[in-house]
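Inspection log for the structure reproduced underneath, given as structure tokens.
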Amino acid sequence: MHYLFPSVGFLKIPCMAFFALSLFWLPVSVDLNAQGKQEKEGFVDLFNGKDLSGWYNVNGAPETWSVKDGMIHCTGKPICTLRTERQYENFILELEWRHLKPKGNAGVFIWSSEVAARGQPFLRAIEVQVLENAYGNTDSHTTHGDIFPIHGSTMKPHGPHRGQRSFPTEQRAKDSPQWNHYRIECNDGVVRLQVNGREVSGGSDCNWRKGYLALESEGSPVEFRNVRIKELSSTGAPKEMSAPLAKGFRSLYNGIDFRGWKLPQGSREHWKSEDWRIVYDGKSTADDKNLWTEESFEDFELIVDWRLPKKSLGKKTHPKLLASGEYEKDAQGKALQIEIEDHGDSGIFLRGSSKAQVNIWSWPNGSGEVWGYRTDVKTSAEQKARLTPKENADEDFGKWNRFVITMRGEKLTVELNGKMVIEDALLTGVPSSGPIGLQHHGDEVEFANIYIRKL
């Protein structure tokens, strides 16, 4: 184990300048009792000690987060988050935490997103590390008190650091199962952390600097108590530095098992729940090999993360598709064939219809196409073009992609990795209501972060 401190022994800094720097960087000892008396007014409880009112289970199982003996209890499984229902900008957040087993891992997220980042179980946020001391320090992280931006957020670290990660100047956390106290002050994009009464780490120029607060589950049981907040005056965080307001998405997959999904015999050994991911090996022997929700939906907005394997299945020929939705023809009037690297095939079924499928595949035009409707002889030329991706927005094979699929009546819109690939396509005759399905096509595929909101 080693400790990370800023090296100042050989710096040629004038005495007064060094003294000023010391005031900024060095930890400050705090009398918690005196501080509590001075700042008691203005604090409100974020946790009432009885239930999880004011909090939202983003992507965990119902039993992941609970209240026991006046504490927020977390099982640690799956990797997921519990966030506040409202956003905060400038504030002082105080809480106590303890790991129930050695080497426990968790975190506190500030200024976070509504749902998990693409291909991750974590929110976009600034994370304050809650890692048990016995875990040990490394060059990439310490055991507790690190502050670092994750999954799109950015920060300029204070004190000893690596990249954007601020390391604590000293180790002050107590081993499990003892309680530790965090005081996190966030103001105008600056975050400062006190551990058990002494400031150890921080950062500035944070983006985002307004958003949700969240507690993290990361594999081991942990408890939180005395969670309270004192809001400070707003400094007018601009829209581009603020997390988007929650739209009301709820998770369709709990990270533990397939509650809420139909999983018949013949599929149970092949559709696997692996923490925050759904992993399919393509080998179901059930009569219906697809994975369907038990619940039906009418109009909705659906988020689904997915990825195909990096390893190629080999070469495959495929007709060359034009932006019009028609195949390019050769001199003899036959569809022109092109060779592609095949990495698999799957899709998302909408409202219980295999025809209303948003395709996932290796085609050069990219994923998002609705093949069943595009190839229907009754589909008009205009709609064929609308049912064909505007561009190939897929990530490289092996990397995560995100669909945002919107259904209103018979109209479909699909965003892929932030780009509009299908816009207002007409799915004539699509059922008005039905379940969501993850397609079996005989190939390996993974899914994660399945969120829906009814419109």
- Which of the residues belonging to segment 236-280 are of a type outside the set (Lys, Arg) and exposed (fewer than 14 other Cβ atoms within 10 Å of the Cβ)? Gly236, Pro238, Glu240, Pro244, Leu245, Gly248, Asp257, Gly260, Gln265, Glu269, Glu274
- Message: Being surrounded by fewer than 19 Cβ atoms within 10 Å (Cβ to Cβ), under 25 Å from Ser53 (Cα atoms) and not aliphatic (A, V, I, L, M) is the requirement here; does Arg209 meet it?
- Response: no
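Let's see how each residue does on (1) under 25 Å from the mean Cα position of the chain (by Cα); (2) closer than 30 Å to Val414 by Cβ:
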| site | (1), (2) |
| --- | --- |
| Gly219 | yes, no |
| Leu232 | no, no |
| Lys272 | yes, yes |
| Tyr280 | yes, yes |
| Lys283 | no, yes |
- Note on the structure: Of the candidates Asp287, Asp257, Asp305, the one satisfying the condition of being under 23 Å from Ile79 (Cβ atoms), in a loop (DSSP other than H, G, I, E, B) and of a type in the set (Asp, Glu) is Asp257
- Message: For segment 323-340, give me each residue that is surrounded by 12 or more Cβ atoms within 10 Å (Cβ to Cβ) and either touching a Cys at 6+ places or on another chain (Cβ under 9 Å) or free of Cβ contacts under 8 Å to residues at least 40 places away in the same chain (or both).
- Response: Tyr327, Glu328, Lys329, Ala335, Leu336, Gln337, Ile338, Ile340
- Might you let me know whether segment 417-427 holds any residue that is closer than 30 Å to Pro264 by Cα and assigned to a loop (DSSP other than H, G, I, E, B)? yes
- Task: Select from segment 424-449 the residues that are closer than 17 Å to Gly368 by Cβ and of a type in the set (Val, Ile, Thr) and write down the one among them that is farthest from the chain's Cα centre (by Cα).
- Result: Val430
- Message: Give me the residue from segment 367-392 that is of a type outside the set (D, E, K, R) and farther than 21 Å from Ser354 by Cβ and, out of that set, surrounded by the most Cβ atoms within 10 Å (Cβ to Cβ).
- Response: Ala385
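One line per residue, one yes/no per condition, for (1) surrounded by 20 or more Cβ atoms within 10 Å (Cβ to Cβ); (2) under 23 Å from the mean Cα position of the chain (by Cα); (3) of a type in the set (Phe, Trp, Tyr); (4) outside the structural domain of Arg172 (by TED's automatic domain parsing):
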| position | (1), (2), (3), (4) |
| --- | --- |
| Gly76 | yes, yes, no, no |
| Thr81 | yes, yes, no, no |
| Glu85 | no, yes, no, no |
| Lys103 | no, no, no, no |
| Val108 | yes, yes, no, no |
| Trp111 | yes, yes, yes, no |
| Ala117 | yes, yes, no, no |
| Gln120 | no, yes, no, no |
| Gln129 | yes, yes, no, no |
- Message: Within segment 434-447, does at least one residue satisfy the condition of being among the acidic types (Asp, Glu), assigned by TED's automatic domain parsing to the domain that holds Val304 and either surrounded by 22 or more Cβ atoms within 10 Å (Cβ to Cβ) or modelled with pLDDT under 95 (or both)?
- Response: no
- Task: Could you check, for segment 133-141, whether at least one of its residues is under 23 Å from the mean Cα position of the chain (by Cα), charged (D, E, K, R), under 26 Å from Arg165 (Cβ atoms) and not in a strand (DSSP E or B)?
- Result: no
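The values are calculated or read from the model by the stated rules, or taken from the named source; none is laboratory data. For clarity, every value in this text was computed on a predicted model and none was experimentally measured. Positions of Cβ are backbone-derived with ideal geometry, glycine not excepted, and every protein chain shown enters the neighbour counts.
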